[in-house]
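J.: Can you read through this structure? Questions will come right after.
The values are calculated or read from the model by the stated rules, or taken from the named source; none is laboratory data. Just so it is clear, the model here is predicted, and its values are computed rather than measured. Counting neighbours? That spans all protein chains shown, and the Cβs are built from the backbone with ideal geometry, glycine included.
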Amino acid sequence: MIRLVTLDAYDPKVIDRLCKVLYTAFGVGCEHAGDMSLPAGQHEPFDAQELLKALPSPRAYADDKILYLTSRKLKPRSVISGEVPCSGFANQNGPRALVSSAGVKDPEAGLKQIARHAMHQLGHTWELHHCLDPRCAMYPPWTLPYDGGDTFFDTFCRDKSEQRIRLAKS
Amino acid sequence: MAETAQALTLAVGDRVVYPNQGVCRVTSVESKEVAGQTLTFVTMKREEDGAVVMVPEAKVRSIGLRKVAGRADVERVFSFLRSDSDKANLDWKQRARTNVERMSQGGLMGLAEVVKGLQVLSELRPLPTKERELYDNARHLLVAELAASLHVAEVDAEDSVDLVLFPPGRERPKRTAEEFRSAAGDEDGMELGEDLLELGGEMDLAPEAEPEEAQAEAEEAVPAPKAKGAAKGKAEKKAPAEKKAAAKKAAPRGEKKPAAKPEKKAAAKPAKKPAAKPAAKKVPAKPAKRK
């Protein structure tokens, strides 16, 4: 089950549509688990890793994935080979993911883009690595063609995510 | 590799890399009696999922167990990934053999070579399923070892690799077989060139085959005397083919009719001419059964 937690105000229609897209992509139920406020002591642009650590978890089962959605900007992450533009964050095989819709002016019109990033981060929580197919949502999100792409997993990523979901304990 | 393997002494708590399995931590080194022999076993726990592996100490070298790569190895890997080595072997057999060797014996650099090679190849054409799986495995092992080596999270290790392989703001290059052919010809000389020519031959087969078909059609259309001299060989080749075709045409007719007739006859006139019918049915019925 995917539990979507909003950290800012969103139109319920947008949330409904996003849940539908995620349900279609993963074949797992997705529901809005409520709103939360951003933790104190952190300022925009947020460090995605720190923000994710500081956020409290809603009530969920062991294999549930929690997706936090915010409209605030995230700071680029510095790694050994440079700075990674950051639109979200999730640990490999972790239970929680964070996605920012800061780059999208109108969430209703740019829902596809938000959903694609959400799919990408949730994919990491199901142990998916970056993909070679530019059409796939698991393609590195900082590349040029990424934001214009569709909410789509290529065959390999879809099969792998389905396998991981099937192997879930609960 | 051999030198490092020879010098490998393992102690409890060491982090090692088991080829094709990933990063493991040595949990114990103990002697056990197995079938009357006393053997020293190294017990390791895979960090990813906690799977336990026991290896006789004498086999540690031969299976390619090694310590986690150091800083210098990591830097070499990144400089390799950054380099414009667009070389990819287009011969799938050679490629598969090399990649399997790299995965099992190539160390961290071997994994990087597999990842980079397949990534470059994917820019020419989509990878087949087996290679896509291999790519994913190689990437998983590479990321896990880099994370262990740099003491960072796997997600950071993966992003640092991909930042080099897929630089921000760069369009995905579209490659052609000619690029690979020329790159291989420049660097490896004749051997790869020949392989690539083979592949080129395969790729060019479709356009070559079309003129042949067109010629054959033209020959059929044109009166026989013209075609005789030029296409004797073809005519000879065609002759058995035509015979086969004729035989095929004849065979199904021969089979269908008897197969259809007995049913109809059996249904319509079961009592008339009982002696002649079974004889007519039996002959064609046998080949049909064999097929």
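J.: Could you tell me whether B:Val23 is modelled with pLDDT of 90 or more and of a type outside the set (S, T, N, Q)? Spell out how you get there, then give the answer.
T.: Working: modelled with pLDDT of 90 or more: yes; of a type outside the set (S, T, N, Q): yes.
Taking the combined requirement at face value, the residue satisfies it.
J.: Does at least one position in region A:17-32 carry a residue that is without any contact (Cβ under 8 Å) to a residue 24 or more places away in the chain and either in a loop (DSSP other than H, G, I, E, B) or of a type outside the set (Ser, Thr, Tyr) (or both)?
T.: yes
J.: Answer yes or no as to whether A:Glu83 is within 14 Å of another protein chain (Cβ to nearest Cβ), at pLDDT 90 or above, closer than 21 Å to B:Leu163 by Cβ and surrounded by fewer than 16 Cβ atoms within 10 Å (Cβ to Cβ).
T.: Values: within 14 Å of another protein chain (Cβ to nearest Cβ): yes; at pLDDT 90 or above: yes; closer than 21 Å to B:Leu163 by Cβ: yes; surrounded by fewer than 16 Cβ atoms within 10 Å (Cβ to Cβ): yes.
Against the criterion (within 14 Å of another protein chain (Cβ to nearest Cβ), at pLDDT 90 or above, closer than 21 Å to B:Leu163 by Cβ and surrounded by fewer than 16 Cβ atoms within 10 Å (Cβ to Cβ)), A:Glu83 qualifies.
J.: With respect to B:Met109, determine if the residue is surrounded by fewer than 21 Cβ atoms within 10 Å (Cβ to Cβ), within 17 Å of B:Arg82 (Cα to Cα) and either charged (D, E, K, R) or assigned by TED's automatic domain parsing to the domain that holds B:Ser83 (or both). Lay out the reasoning, then the answer.
T.: Values: surrounded by fewer than 21 Cβ atoms within 10 Å (Cβ to Cβ): yes; within 17 Å of B:Arg82 (Cα to Cα): yes; either charged (D, E, K, R) or assigned by TED's automatic domain parsing to the domain that holds B:Ser83 (or both): yes.
Yes, satisfied.
J.: Another question, then. Going by what's in this entry, would A:Thr24 be described as more than 14 Å from every other protein chain (Cβ to nearest Cβ), crowded, with 18+ Cβ neighbours inside 10 Å and closer than 20 Å to A:His124 by Cβ?
T.: Working: more than 14 Å from every other protein chain (Cβ to nearest Cβ): yes; crowded, with 18+ Cβ neighbours inside 10 Å: no; closer than 20 Å to A:His124 by Cβ: yes.
Considered against the rule, which asks whether it is more than 14 Å from every other protein chain (Cβ to nearest Cβ), crowded, with 18+ Cβ neighbours inside 10 Å and closer than 20 Å to A:His124 by Cβ, A:Thr24 comes out as no.
J.: I'm checking my understanding of the structure. Among residues of region B:127-157 that are assigned to a loop (DSSP other than H, G, I, E, B) and at the interface with chain A (Cβ under 7 Å from one of its Cβ atoms), which one is farthest from the chain's Cα centre (by Cα)?
T.: Only one residue fits best here, namely B:Ala153.
J.: Scan region A:106-134 residue by residue and report those that are more than 21 Å from B:Pro168 (Cβ to Cβ) and outside any helix (DSSP H, G or I).
T.: A:Asp106, A:Pro107, A:Glu108, A:Ala109, A:Trp126, A:Glu127
J.: The conditions are (1) within 12 Å of chain A (Cβ to nearest Cβ); (2) in contact (Cβ under 8 Å) with a residue 12 or more places away in the chain; (3) of a type in the set (D, E, K, R); (4) farther than 16 Å from B:Phe166 by Cβ, and B:Asp91 fails exactly one of them. Which is it?
T.: Here B:Asp91 clears every test but (1).
J.: Could I ask something else about it? Tell me, which residue of region B:158-177 that is assigned to a helix (DSSP H, G or I) and touching a His at 6+ places or on another chain (Cβ under 8 Å) is nearest to A:Leu132 (Cα to Cα)?
T.: Here is the first cut: in region B:158-177, the ones assigned to a helix (DSSP H, G or I) are B:158-165, B:177.
Applying the additional criterion that residues be touching a His at 6+ places or on another chain (Cβ under 8 Å) yields B:158, B:162.
Working: B:Glu158: 14, B:Asp162: 11 Å.
If we take residues in region B:158-177 being assigned to a helix (DSSP H, G or I) and touching a His at 6+ places or on another chain (Cβ under 8 Å), then B:Asp162 is nearest to A:Leu132 (Cα to Cα).
J.: Right, another one. Please go through region A:96-111 and give me each residue that is away from chain B (no Cβ under 14 Å), over 9 Å from the mean Cα position of the chain (by Cα) and not charged (D, E, K, R), ordered by number.
T.: Of everything in region A:96-111, those that are away from chain B (no Cβ under 14 Å), over 9 Å from the mean Cα position of the chain (by Cα) and not charged (D, E, K, R) turn out to be A:Ser101, A:Ala102, A:Val104, A:Pro107, A:Ala109, A:Gly110, A:Leu111.
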